[in-house]
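Since every read-out is calculated from the coordinates, none of them should be taken as a lab result. Note that the coordinates shown come from a computational prediction; the quantities given were computed from them, not determined experimentally. Here the Cβ positions follow ideal geometry from the backbone for every residue, glycine too, while neighbour counts run over all protein chains shown.
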Amino acid sequence: MARAYDLIVLGGGPASGPAARLCREAGWTVAVVEAGRLGGVCPNVGCNPKKVLLSGPETLVQVRHLLGKGLSGAPRPDWAALMAFKRSFTRPVDARVEGSLREAGIDIVRGRAVFTGRRTVAVSGEELAAQKILLAVGATPSRFSFPGADRLATSDDFLDLDALPGRVTFVGGGFIAFELAHIAAACGARATILTHGDAVLRRFDQDLVARLLAATRARGIEVRLRAPVTAIRQEADGLAIETPDGPVRADLAVNAAGRPANLDGLGLEAAGVARSKAGVTVNDHLQSPTNPDVYAAGDCLDAPFALTPTADLESRIAGENMLAGNTRTIDRTGTPSVLFTLPPLAMAGLTEADCQARGIPYRKKEYDLAEAFPWQRLGETTGFSKTLVSPDDDRILGAHILGHGAEEMINAVALAMRQHLPAKALREAVWAYPTCGYYLRYLF
């Protein structure tokens with residue numbers, strides 16, 4: 001006989017907790033099923049460890065910018081110590097999340113779930129049944145099929161290396177490739193990025209991407225466009241990564257081509273849950289249109305964002321809808337995205353290309369942040385912004401910021417967008433001076 005719950009959540013990451021806790025607080029019986037480490041990608045093998053590993057390189061770069069401007073000499077990277085520091089954050093995650101869930105009265109079932117019916121799953125031979133099921137299984141590293149693809153390490157592997165190889169090549173042209181390449185290069189490796197297309201970081205405004213690309217190459221990172229990998233061979237002195245322009249030699253090759261939804265082998269067909277190539281198909285209530293007892297949240301969704309903050313938001317909305325009967329719709333207005341490179345690149349809203357493709361009128365303003373005091377005092381040489389505002393009602397359509405402090409500045413812009421404040425609110429706000437945020441008044 002199946003073990004019965006009011007709610008079963010498949011996955012133990014950021015898209016799991018809010019819904020599980022909401023329903024448990026409402027008196028529901030809840031189980032979380034997780035095959036890997038509780039907490040999900042972000043705190044274990046994603047955002048948090050990446051940001052910890054970036055802490056040393058950020059400081060190194062800042063010191064180098066100020067050499068001869070009040071500083072002399074320079075610290076040097078210590079990968080082993082940096083990795084030990086990173087592990088001090090990641091190792092406690094699983095146990096901490098487990099303790100928190102158990103304290104909340106939520107059962108934890110370890111193993112990979114497979115649907116056996118519309119409201120039933122099997123985990124390690126045991127059947128579980130529920131009134132509602134939330135899919136929060138996240139994403140998984142992409143797979144390549146070229147010869148030697150099995151020689152590719154994953155981003156998970158890179159983020160837990162005991163020693164940093166001298167030559168590291170990243171296959172992909174998105175977030176993962178650029179962020180990890182900047183870490184590797186700042187810590188002394190020769191980093192190369194290979195992408196099959198003629199552009200990189202396609203989600204971001206390409207004018208700012210061009211400036212970041214120049215800054216990336218200036219840091220000694222080789223970026224090759226139109227360089228699809230056709231094979232990887234093991235040689236005596238390392239790997240030969242074959243491309244149409246010849247081989248790239250490396251000690252480590254990393255699959256940095258993104259993470260598709262982790263849905264294969266889940267048995268969605270048995271539950272009648274529809275999916276697309278991008279992920280689970282849901283309506284505006286985050287409910288499966290083909291199985292109303294199943295909801296989904298996070299990176300396994302067919303949705304415009306695969307971010308920890310949106311996973312949290314989606315989980316809360318799904319939880320409220322399961323409890324109250326689809327009273328909430330998802331609103332992702334003002335969602336910021338940040339590429340944690342050196343310097344960072346941040347955005348919220350539409351790009352200029354988006355506006356042009358959709359025929360949306362806009363007023364554009366560009367600003368050279370590298371010429372402004374908060375950046376000059378740090379010796380920064382790269383900084384730029386582009387903002388897009390509706391000429392009719394001063395509504396913020398999009399904001400794009402490259403440079404020191406961009407990741408914090410974009411939060412203020414995103415808040416204004418989400419609360420439907422006009423650009424005038426940022427232009428006329430009283431900001432602390434002299435800060436990066438103060439310059440928001442000049443960006444619009």
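What trypsin sites (Lys or Arg not before Pro) does the range 78-187 have in DSSP loop regions with at most 14 other beta carbons within 10 Å?
Those satisfying the criteria are 143.
Using the Cα centre as the reference, give the magnitude of the dipole from point charges on the C-beta atoms of the chain (Lys, Arg: +1; Asp, Glu: -1; all else neutral), rounded to the nearest 20 debye.
Rounded to the nearest 20 debye, it is 500 debye.
What list of ³J(HN,Hα) values in whole Hz, one per residue of the range 396-401 in order, does the Karplus curve 6.51 cos²θ - 1.76 cosθ + 1.60 (θ = phi - 60°) give from phi, with Gly and Pro shown as x?
Result, ordered by residue: 6, 8, x, 9, 9, 9 Hz.
With an 8 Å Cα cut-off and a minimum separation of 6 or more residues, compute the relative contact order for the chain in percent.
Working: 941 pairs, mean separation 66.0, N = 444.
Relative contact order, the chain: 15 percent.
In debye, nearest 20: dipole of the range 299-395 around its Cα centre with unit charges on the Cβ of K, R (+) and D, E (-)? Provide the component values of the computation, followed by the final result.
Values: 10 positive and 15 negative charges, 23 e Å.
Charge dipole of the range 299-395: 100 debye, to the nearest 20.
In percent, how large is the relative contact order of the range 336-443, given Cα pairs closer than 8 Å and 6 or more residues apart?
In percent, rounded to a whole number, it is 28.
Report, in degrees rounded to the nearest 10, the 0 to 90 angle that the Cα long axis of helix 47-65 makes with the longest principal axis of the chain.
Long axis of 47-65 versus the principal axis of the chain: about 10 degrees.
Using alpha carbons only, how many angstrom separate the centre of the range 151-198 from the centre of the range 252-270?
Going from one Cα centre to the other spans 19 Å.
How many lysine pairs does the chain hold where the Cα atoms are under 22 Å apart and the two sit 8 or more places apart or on different chains?
Values: 50/86; 51/86; 364/386; 364/424; 365/386; 365/424; 386/424.
Taking the Cα cut-off of 22 Å, the pair count is 7.
Once the other residues with Cβ under 11 Å from the Cβ of residue 95 are scored (Lys, Arg +1; Asp, Glu -1), what is the net sum?
+2
With unit charges on the beta carbons (Lys and Arg positive, Asp and Glu negative) and the dipole taken about the Cα centre of the range 149-255, which residue among 218, 168, 184 sits farthest to the positive side?
Value: 218.
Compute the signed sum of charges (Lys and Arg +1, Asp and Glu -1) over the other residues within less than 14 Å, Cβ to Cβ, of residue 279.
-1
Can you classify the range 174-246 as rounded, prolate or oblate using the Cα gyration tensor, where a ≥ b ≥ c are the square roots of its eigenvalues, rounded means a/c under 1.5, and otherwise it's prolate if a/b beats b/c and oblate if not?
oblate
Rounded, prolate or oblate: which fits the chain, taking a ≥ b ≥ c as square roots of the Cα gyration tensor eigenvalues, rounded meaning a/c under 1.5, else prolate when a/b beats b/c?
Since a/c reaches 1.5 but b/c is at least a/b, the shape of the chain is classed as oblate.
For the range 270-318, what does the alpha-carbon gyration tensor say about shape, rounded, prolate or oblate, given a ≥ b ≥ c as the root eigenvalues, a/c under 1.5 as rounded, and a/b over b/c as prolate? Intermediate values should be presented prior to the final figure.
Details: a/c = 2.36, a/b = 1.45, b/c = 1.62.
In terms of gyration-tensor shape, oblate.
In what order do 140, 435, 333, 310 fall by count of nearby beta-carbon atoms within 10 Å, going from fewest to most? Write down the numbers at each step before the final one.
Numbers: 140 17, 435 14, 333 11, 310 22.
Taking fewest neighbouring Cβ atoms as first place, the list is 333, 435, 140, 310.
Taking the Cβ of residue 434 as the centre, find all other residues whose Cβ is under 13 Å away and add up their charges (Lys, Arg: +1; Asp, Glu: -1).
Local net charge: +2.
Can you list residues from other chains, or at least 5 along the same chain, whose modelled amide H is less than 5 Å from the amide H of residue 350?
Answer set, sorted by chain and number: 398, 399.
So how tilted is helix 93-103 from the main axis of the chain? Cα-based, degrees 0 to 90, rounded to 10.
The answer is roughly 40 degrees.
Which value, in debye to the nearest 20, describes the size of the charge dipole of the range 336-443 about its Cα centre when Lys and Arg Cβ atoms bear +1, Asp and Glu Cβ atoms bear -1, and nothing else is charged? Mind dumping the intermediate values first?
Values: 11 positive and 12 negative charges, 39 e Å.
Computed about the Cα centre, the dipole is about 180 debye.
Once Lys and Arg get +1 and Asp and Glu get -1 on their Cβ, which of 56, 298, 266 lies farthest toward the positive end of the dipole of the chain?
Result: 56.
How much length is gained on full extension from residue 415 to residue 203, taking 0.36 nm per residue of separation minus their Cα-Cα distance?
Taking residue 415 through residue 203 to full extension adds about 74.3 nm, to one decimal.
Along the positive direction of the dipole of the chain (beta-carbon charges: Lys, Arg +1; Asp, Glu -1; about the Cα centre), which of 229, 68, 145 reaches farthest?
Of the options given, the answer is 68.
Report the trypsin sites (Lys or Arg not before Pro) located in the range 228-295 that are in a DSSP loop and have at most 12 other Cβ atoms inside 10 Å of their Cβ, or state none.
Listed in order of number, the matching sites are 277.
Can you grab the distance from the C-alpha centre of the range 1-67 to the C-alpha centre of the range 350-419, Å, no decimals?
Comparing the Cα centres of the range 1-67 and the range 350-419, I get a distance of 30 Å.
What 222 nm value per residue comes from the helices of the chain, counting each DSSP H run with n ≥ 4 as -39,500 (n - 2.57) and dividing by all residues, nearest 500 deg cm²/dmol?
The per-residue figure over the chain is -9000 deg cm²/dmol.
Scaled to the compact-protein estimate 2.2 N^0.38 Å, what is the alpha-carbon radius of gyration of the range 50-138, rounded to two decimal places?
1.88
Modelled label-to-label distance, residue 368 and residue 278, 7 Å Cα→beta-carbon offset: nm?
Distance between label points: 3.8 nm.
If amide hydrogens are placed 1.01 Å from N in the peptide plane, which non-local residues have theirs closer than 5 Å to the one on residue 363?
389, 390
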